[in-house]
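What follows draws every value from the coordinates through simple rules; no lab data is involved. Everything numeric in this text was worked out from a predicted model, so none of it was measured. Note: ideal-geometry Cβ built from the backbone for every residue, glycine included; neighbour counts use all protein chains shown.
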Amino acid sequence: MNSEREPLSGVVSNQPAWYTPRRLLALFCWLTFLIYLDQGVVASNGVNRPIQAEFQLGNVEDGLLPSAFLAGLLIASIAYSELTTRYNAFRMTGFGFAVWVIGSVGCAMAPSFWVLILCRVVMGAGEASIITLSNPFIDDVAPPAQKTLWFGILNLFTTIGIAAGYIFGGVIGPPLGWRAAFLLQAALGVPVVLWLFFAKPVSLKTMHGAEESAVSSLAGSDAVPLADRGWLGSLRRDVLVLLQHPVFVLNLIAYCPIQGAFGAYTFWGPKAGYELFDLPQEFIDLTFGVVTIATSIVATLLGGLFIDMVGSSVKNAMAFCGWTALAGLLVIEAGFLFAQSFFVLMLLFAIGELALFAGQAPCSAVQIWTVPTRLRPLAAGMGTVTSHLFGDVPTPPLVGWVQGLVNDWRVSMELLTATLAISVVLYLAGGFMKGRDYRPEDERGLSAPQRKSAAAASDNGEDGIEDALI
C-alpha cells in the first residue's frame, strides 16, 4: 500500500541479485566517465596537436573533431529513446557502449582524417545510449530526498571524465602516440561491455509505459499506447507532447549556450592558454584538467545539495540555474578581459566554472521532472540533441573561425562567454513560469527538513505533506 512512497518505487519487481540503487548509480557513473574521457583526450595537446600535424588540419577542420561524434549522437539518441519501449533499456545500453568501443578502435587505426571523422560519428552513436538513458534510470532509483544530489553525482562524472582525458591524453600521447590513447580507452570499456551483455538486466517502470494516462490527456483523446503506433508516428506524437510543456522547452534551450561554452572551453581552452602565456603543453593540459575536476566535483555536488535543502521545486531549480549562469558569465569575462598571468586567468576561470557547474544537477532534474514519466527517455534524448546541435556541435568550429579572423584568443573567448547571457534570461524567465511537475506529490518542492517532518507525520497517521507545505 506504500508503493508510491517507496524510495525505489521506479524499480520493477524481480530485479537481479546484483542490483542495488547505489550499484546502478556507480555503473552509470563509470559509463559516463569513460565516454567523456574521450572528449578530454581528443582535446588534449598531447593527442590533438599530433593529429593536427599528421593530417595537416586548419583550425576549422580541427574543430570538427569534437563535433563529429555528435552527428552520430544526435540521430541515435532519439532512436534509443524510442527503442527502449520495445527492448530492455539495460541491454540497449550494452549494445550502444559496444558500438562506442568499436568506434574508439577505429579512431586508433584511421588512415586518413575523414576516416577518423567517420569513426568519431560511430562513437557518438554508441554513447547516445548512455546519455539518453542514464537520467531516467537514476531518477527512478534515487531516494526522493536526494534526487537532485544523485543527478549531481552522475553529472560530475562528465567533467571528471573530460578533465581526466586532458591528463590522460597529455601523458599517453607524447611517449606512445595519439593512436595509443584511443586504443587504451577502448580497452577500459571492454569489461563493461561484457558485463552489460551477460549480466541479468535491470528493468524500470519508466521504460514500460507508466503514466500513459498523463500522456493521453496532453496528446488528445485519440492518443493510443506506443505499441499500437508506428515508429515514426509514435516519435512524432511524443515529441509534440513534450513541446507542450513550456518549462521543459525553456530549460532545453537555456542550456544550449552553456553546453556550447563548455565544449569550446574544453577544446580550445588548453590551446588558448598555451598561446597566450607560452607555457609547457603538459603543464597547460594538467592545469586545465585539475581545475575542471576540482570545480566540477565541488560545484555539481553543492548545486544538487542546495536544491534538495531549500526545496526541490521546478521554480527553485530554474531560478538557481539563472543566477549561477550570470555569475559564471561575469567572472569568466573578467578573466579573459583583465588577467595578465596564467595563474590569475585560471583562478577566475575556476570561480566561473564553479558557478556554471552548480547549475548542472538542477537543469538535469528539471528535464526529467517536467515531462510525463513514460516520456523521460525521449526528453533526455531531446535534451541531448538540442544541447549539442545548438551548443557544442557548432561552437568549436565557430570559435576556430573567429580566432582565424581576429587572431586574438582573448577576444574569441570573450565573445564565446557573452553567449551565456541567453541562458541567464531564459532560466530566470522559466523561474517565473508555471509548469506541471510530474513527480509524486510528496516529492515536489519540499526542503530536506520538510521531507523529514512530512515522513514523521505520516508515520504518526497525520497529513504530513500538507503540514510540511504550510
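Give me the net charge of GLU275's neighbourhood, meaning all other residues with Cβ under 15 Å from the Cβ of GLU275; Lys, Arg count +1, Asp, Glu -1. Result for the neighbourhood of GLU275: -1. In this simple spin-label model, placing a label point 7 Å from the Cα along the Cα-to-Cβ direction at both TRP401 and ILE75 gives a separation of 2.3 nm.
At a Förster distance of 22 Å, what's the computed FRET efficiency of PHE432 paired with VAL310, Cβ-Cβ distance as r, to 0.05? Don't jump to the answer; show the numbers that get you there.
Values: r = 17 Å, r/R0 = 0.78.
The formula returns an efficiency of 0.80 here.
Peptides 294-305, 351-362, 269-280 ranked from most to least packed by the mean count of surrounding Cβ atoms within 10 Å: 351-362, 294-305, 269-280. The range 31-52 and the range 89-123 have Cα centres separated by 14 Å. Give the shape of the range 291-405 as rounded, prolate or oblate, defined through the alpha-carbon gyration tensor: a ≥ b ≥ c are the square roots of its eigenvalues, a/c under 1.5 means rounded, and otherwise the shape is prolate if a/b is larger than b/c and oblate if not. Verdict is oblate for the range 291-405.
Which of rounded, prolate or oblate describes the range 296-361 when judged by the alpha-carbon gyration tensor and an a/c cut-off of 1.5?
On the way: a/c = 4.65, a/b = 2.23, b/c = 2.09.
Prolate is the answer for the range 296-361, as a/c is 1.5 or above and a/b outweighs b/c.
Under the simplified labelling scheme, the LEU184-ALA199 pair shows an inter-label distance of 2.5 nm, with each label point 7 Å from Cα along Cα→Cβ.
For the pair SER341 and GLU414, what calculated FRET efficiency results from E = 1/(1 + (r/R0)^6), where r is the Cβ-Cβ distance and R0 = 25 Å, to the nearest 0.05?
On the way: r = 18 Å, r/R0 = 0.70.
The computed FRET efficiency comes out at 0.90.
Spin-label model, TRP323/TRP30: points 7 Å from Cα along the beta carbon direction are separated by 3.9 nm.
Can you tally the net charge around THR132? Count Lys and Arg as +1, Asp and Glu as -1, for every other residue whose Cβ sits under 12 Å from the Cβ of THR132. Result for the neighbourhood of THR132: -1.
The phi torsions of the range 158-167, fed into the Karplus equation with coefficients 6.51, -1.76 and 1.60 and a -60° offset, translate into couplings of 5, 7, 4, x, 4, 5, 5, x, 3, 5 Hz, rounded to whole numbers, with Gly and Pro shown as x. The length gained by stretching the chain between VAL171 and ARG91 to full extension, at 0.36 nm per residue less their Cα-Cα distance, is 25.4 nm.
For CYS256, CYS321, what's the fewest-to-most ordering of other Cβ within 10 Å of each Cβ? Don't jump to the answer; show the numbers that get you there.
Numbers: CYS256 23, CYS321 31.
Going from sparsest to densest Cβ surroundings: CYS256, CYS321.
Considering only C-alpha atoms, what is the centroid distance from the range 127-187 to the range 311-333, in Å? Computed from Cα coordinates, the inter-centre distance equals 24 Å.
Take each peptide in 152-162, 236-246, 431-441, 93-103, count the other Cβ atoms within 10 Å of every residue, and average; sorted highest first, the result is 152-162, 93-103, 236-246, 431-441.
Set the Förster radius R0 to 25 Å, insert the Cβ-Cβ distance between GLU61 and LEU389 as r into 1/(1 + (r/R0)^6), and round the FRET efficiency to 0.05. Write down the numbers at each step before the final one.
Details: r = 20 Å, r/R0 = 0.80.
Here the calculated transfer efficiency is 0.80.
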